[in-house]
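Below is one structure; the comments refer to it alone.
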Amino acid sequence: MAIADMNRGIPQLPERRFKLPVIIALMYTALLVVAPLLAITWGALSSGIYATLREITSPDALHALKLTLILALAASALNALLGLVTAWVLVRHDFPGRAFLNALVDLPFAISPVIAGLMLILLFGRQGWLKALPDALGIQMVFAWPGMLLATVFVSLPFVVREVMPVLRHLGTEQEEVAYTLGATYWQTFWNVTLPAIRWGFLYGISLTFARALGEFGAVLVVSGGVSGMTETATLFIFRSMDDRNYAAAYSMALVLALASFCALILIELTKGKIRRRG
Amino acid sequence: MSTSVARLEKRVLSEAGRPWGTWGLRGTAAAYLGVMIALPVAAVVHAGFEEGLRRFWGSVTEPVALAALRLTLMTAGITTLINSVMGTLAAYVLVRHEFPGRRILNALIDLPFAIPTLVTGVMLVVLYGPQGPVGSWFVAHGVEIVFARPGIVLALLMVTYPFVVRSVQPVLLAMELDQEEAAYTLGASRWTAFWKVLFPAIFPAIVTGALLTFGRAIGEFGSIVIVSGNIPGRTQTAPVHVFGLIESDNTMGASAMSVLLLSLSFVLVLVVDWRQKRKELRDGNR
């Protein structure tokens, strides 16, 4: 009783009230995140849900959605596979140049998407150093979907590497050593011991990659050359529709992408919870 | 001693059981990062300096380029300042206050990272554009938001909101309550406890978040190209200017400007990296 008396007047932590800081934080978030979300919903649905549906099922819109989905899936697959190898090498191997490779990984996040697109044009374009590569394969790189795929891979590259690395490091090598001792091969050990242990971190990285790939705009815009219906992704569709003052189409597609990223975010949060529980 | 044993063990392990794998894996990783990242960066640096240092300097000091650079640095600076304060506040509220809707607030803060930045731009045009519900009121009162500078800052604020919050939040979560409680017991107000006890401890995290915010803000394109109206010299930021140069087939100019922006981003990445390493060292010694 006496102790309770002494404690009176000392703020309890955490505090259970709408105090001024709470109100400011809520209002700021409402202004910055909630209001724009409500606005795009209102903007897209203001002329009726059927009008919205008509806009997003037009041939151009459907084509753009399809291309976006394909590019995002392909970029996620490439970055999942190569990102896993890279994370493995950066954590488990020790060789000269490792620190340099490690430093390279973060760069795509620091580089403006427009510059990323420019880089790819310079590398694979008319007088590019690697122009021979697509030529040899008989594909067109710049102003076509292979270039857009590379652009998407570039901007979403760090996610898998950066999410898998800490999980691998945390896992350590003990269980793998036990497996080797028991006579398991390198591949068996990876498949039965390592991969199950890191799968949630790996999936988390992939879902971040996918979400980022769905919404990529700047790099893809520069590389695509913008031929409508041919090399147009969902974001490029929105951009062109805004330019053409076809606001109904732009807002409808923007709402679709916003909803898609909302779903991706829920998926991301769920996998994050799994990582926390399973370590 | 123990680290050298660990290293030896690692080497033994890496030599055994990896007949073909070692160099195949390393080669794959090196080729992936080399072709995807190192070569593109090298290509743009080469293109920027291809026609000599004088041309490089000439194209980045053109009046339009300088205005774009100045606008980018200014809007990124304002954004960093506002979001450092508001992000710290949001992180503090999320960790130290309990209120209905706290978990929803926590989830909402990640949304700007999930939503495509182009869609962010469209959202702001709908809300604050001349025909929008809020924008029409502002226009009637003589304030232009969209297709003007306030729109750029607003877009940047939204796009970079999570950085400071997500950088400060874990530090606050890891902090023990005893020092704050001691401050309260000694009669400190919440404000004094925050300023004297919490703030010095979370300041490094705020700086890291601010650097990330600034880095993201100087490169932002998707939301700004929609919101700014793209008026050269007035509302054209550096990345939008680079896009204009690419469109008009001025590869050298675009590359020169890119090299300048890249160097700035590299310095920011290096500083963030260095601070992270220093922190890990300090935490390890504890």
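The values are calculated or read from the model by the stated rules, or taken from the named source; none is laboratory data. Please read these numbers as outputs of a predicted model, since none were measured by experiment. Ideal geometry is used to build each Cβ from the backbone, glycine not excepted, and the neighbour counts take in all protein chains shown.
Selection of segment A:93-132 for residues being touching a residue at least 60 places away in the same chain (Cβ under 8 Å) and either in contact with a strand residue (DSSP E or B) (Cβ under 7 Å, 6 or more places away or on another chain) or facing chain B (nearest Cβ under 7 Å) (or both) yields A:SER112, A:PRO113, A:VAL114, A:LEU118, A:LEU120.
Screening B:VAL165 with (1) within 11 Å of another protein chain (Cβ to nearest Cβ); (2) closer than 23 Å to A:ALA234 by Cβ gives one miss only, at (2).
Tell me, which helices (runs of 4 or more DSSP H) lie completely within segment A:16-61 with 1 or more residues that are within 13 Å of chain B (Cβ to nearest Cβ) and crowded, with 18+ Cβ neighbours inside 10 Å? Give the steps one after another, and end with the answer.
Working: elements: A:20-29, A:35-45, A:49-56.
Answer list for segment A:16-61: A:20-29, A:35-45.
Looking only at residues that are of a type outside the set (Val, Ile, Thr) and under 19 Å from the mean Cα position of the chain (by Cα) in segment A:82-92, which one is nearest to the other protein chains (Cβ to nearest Cβ)? It comes out as A:LEU82.
Table: residues versus (1) assigned to a helix (DSSP H, G or I); (2) closer than 24 Å to B:ARG70 by Cα.
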{"position": "B:GLN131", "(1), (2)": "no, no"}
{"position": "B:TRP137", "(1), (2)": "yes, no"}
{"position": "B:ILE152", "(1), (2)": "yes, yes"}
{"position": "B:LEU157", "(1), (2)": "yes, yes"}
{"position": "B:PRO162", "(1), (2)": "yes, no"}
{"position": "B:VAL168", "(1), (2)": "yes, no"}
{"position": "B:GLU180", "(1), (2)": "yes, no"}
{"position": "B:GLY187", "(1), (2)": "no, no"}
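Evaluate segment A:84-92: report whether one residue or more is modelled with pLDDT under 95 and under 19 Å from B:ALA42 (Cα atoms). No; the residues of segment A:84-92 include none that is modelled with pLDDT under 95 and under 19 Å from B:ALA42 (Cα atoms). Reported count of residues in segment A:175-202, each being surrounded by fewer than 20 Cβ atoms within 10 Å (Cβ to Cβ) and closer than 30 Å to B:PRO112 by Cβ, is 1.
In segment B:170-195, the qualifying residues are those that are farther than 19 Å from A:LYS19 by Cα and small (Gly, Ala, Ser), and the one that is surrounded by the most Cβ atoms within 10 Å (Cβ to Cβ) is B:ALA183.
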